[in-house]
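For reference, the structure is listed below as structure tokens.
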Ligand code: 16G
Ligand code: MG
């Protein structure tokens, strides 16, 4: 090993001293107050280069963002070669490196370990970096670049991008068949698929809440490629308001009300994206002036229903077929609608994008969404091959060919690497236009069951252990029977409890036929959690 290189890494590291913090690479990478991150960022620059070496010099992405968190926070996540999230074993390497007191030694050990088990080791190392609009991102990117230089990796700083744009670019860099590896290539691929799909259709305008973040910039940029096919107005574009403050997809989903910064009008269409533009939710005002939210569940049922129709009419037969992946947070009405109305199989997995993404690969067309608006569609190689074969077939009837071409355009419109608010919005808009649906028509597919979430402060959230995709608890003992008893007395009742992956709390979800019952079920379950899982502070009341 090259001692001079490790010495160099160590010398540079003194610029980024590690504060007294225990870091964990969680479901969303590292995410903290920005001032606690320079040392982490430096180390993640090193890890990204190491990961690239371990992947035979394929390009690895490093995204600096804290998504829907406050502007004072920031974070970092690494992106694997096919644009997917970092492999689980490397999450542990990331945590180890971030916490090490002797970074030179830790990196030396890690390099040795990784190299010894690695098939296609390369001595180069290639990374691409991007950040959202947080001011702290500028210096944080610089720390990662310093690391890459010291560790003799090659790097490209792509400036400000949405998280899904960087995922897309990483994928295209390593797999040029997927598209052109640039921001422009992204707009071109997606806009041309959208224009193909909506050719000769008239689309009504959409109002977008950009959360005062990167989404606002990039929706506006995409608008230039859409040739006025979709009139778009972007609000909360960052010129005056603060990032994610009382606006954005998370605010709208959690508070179930309109973001600040836009005046809602009956009959208009609205969508909100989050701070790094990988989530989207829709909303509108009904005739009575009530706020109506169309969340990730509504988006996944819309997309799955459309795929179902088009698959039937295009006569493509698939072995593993179409399926939808949800989490326990999916509204019970959405699951029932998929099951009994659309007859589409539904799988339920643990919270966290990586679990949904993985499961969606079990289907030929796997639609996955979290209720919070993060999701996309994955297509199997078999599906792609069958589709191309059918399109090439000379005997394919013209009316079938039209459907197949729609299917192909729809596939090209999807960013398969990760949930993407720009791509997701254009998918929704294309489907609504094809069906001639308003948001109200879409909303009426099914009625959400009233639901309520609560969080309970406990001494140690790890005392709560779940099973069955987080739908049941195994520990603390006695909690599940209590939940079962409470649920049994409530019409359409359902409730589950899980430790948060991002906050030091235990979360409770409850739904029921009426708002009052959902509220009281959530409260009763929260009180049981407080009693049995070591609640601290005031008991829920
Ligand atoms: C992270 C996850 C998100 C999940 C949320 C749950 C990713 C990229 N993000 O933000 O999917 O919904 O955690 O948070 O996986 P919780 O564990 O605190 O409820
Ligand atoms: Mg996000």
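The values are calculated or read from the model by the stated rules, or taken from the named source; none is laboratory data. What you see is a predicted model, and the numbers here were worked out from it, not measured in a lab. Cβ atoms come from the backbone with ideal geometry, glycine included; neighbour counts cover every protein chain shown.
Inspect region 387-405 for any residue being in the same structural domain as residue 368 (by TED's automatic domain parsing) and within 21 Å of residue 301 (Cβ to Cβ) and give the result as yes or no. Taking every residue of region 387-405 in turn, at least one turns out to be in the same structural domain as residue 368 (by TED's automatic domain parsing) and within 21 Å of residue 301 (Cβ to Cβ). Scanning region 318-332 for residues that are touching a helix residue (DSSP H, G or I) at 6+ places or on another chain (Cβ under 8 Å) and either in contact (Cβ under 8 Å) with a residue 60 or more places away in the chain or not assigned by TED's automatic domain parsing to the domain that holds residue 376 (or both) gives 318, 319, 320, 327, 331.
The residues listed here are 465, 538, 447; of these, the one that is surrounded by fewer than 18 Cβ atoms within 10 Å (Cβ to Cβ), more than 16 Å from ligand 2 (Cβ to nearest atom) and modelled with pLDDT under 95 is 538. Here region 333-363 is the region considered, the condition is being in a loop (DSSP other than H, G, I, E, B) and more than 25 Å from residue 273 (Cβ to Cβ), and the residue that is nearest to ligand 2 (Cβ to nearest atom) is 361.
When residue 157 is tested against the conditions (1) under 25 Å from the mean Cα position of the chain (by Cα); (2) surrounded by 16 or more Cβ atoms within 10 Å (Cβ to Cβ), the lone failure is (2). Among the residues of region 364-388, those that are in a loop (DSSP other than H, G, I, E, B) and more than 16 Å from ligand 2 (Cβ to nearest atom) comprise 364, 380. Filtering region 114-138 to residues that are surrounded by fewer than 16 Cβ atoms within 10 Å (Cβ to Cβ) and at pLDDT 95 or above leaves 135, 138. Restricting attention to region 133-148, the residues that are in contact with a strand residue (DSSP E or B) (Cβ under 8 Å, 6 or more places away or on another chain) and either without any contact (Cβ under 8 Å) to a residue 24 or more places away in the chain or not in a helix (DSSP H, G or I) (or both) total 4. Restricting attention to region 474-491, the residues that are modelled with pLDDT of 95 or more, more than 17 Å from residue 535 (Cα to Cα) and either surrounded by 15 or more Cβ atoms within 10 Å (Cβ to Cβ) or out of contact with any helix residue (DSSP H, G or I) (no Cβ under 8 Å at 6 or more places or on another chain) (or both) add up to 7. When residue 220 is tested against (1) in contact with a strand residue (DSSP E or B) (Cβ under 6 Å, 6 or more places away or on another chain); (2) modelled with pLDDT of 95 or more; (3) crowded, with 18+ Cβ neighbours inside 10 Å, only condition (3) is not met.
Residues in region 160-194 that are in a helix (DSSP H, G or I), buried (at least 24 other Cβ atoms within 10 Å of the Cβ) and in contact with a strand residue (DSSP E or B) (Cβ under 6 Å, 6 or more places away or on another chain): 163, 166, 167, 170. Looking only at region 334-350, decide whether some residue is under 30 Å from residue 454 (Cβ atoms) and within 12 Å of ligand 1 (Cβ to nearest atom). Yes: region 334-350 contains one or more residues that are under 30 Å from residue 454 (Cβ atoms) and within 12 Å of ligand 1 (Cβ to nearest atom). Taken over region 63-82, the criterion of being more than 16 Å from ligand 2 (Cβ to nearest atom) and within 21 Å of residue 126 (Cβ to Cβ) is satisfied by 80, 81, 82. Of note, residue 483 does not satisfy the criterion of being on the phi < 0 side of the Ramachandran plot, touching a residue at least 40 places away in the same chain (Cβ under 8 Å) and under 22 Å from the mean Cα position of the chain (by Cα). Would you confirm whether or not region 342-365 contains a residue that is farther than 22 Å from residue 430 by Cβ and more than 27 Å from the chain's Cα centre (by Cα)? Taking every residue of region 342-365 in turn, none turns out to be farther than 22 Å from residue 430 by Cβ and more than 27 Å from the chain's Cα centre (by Cα).
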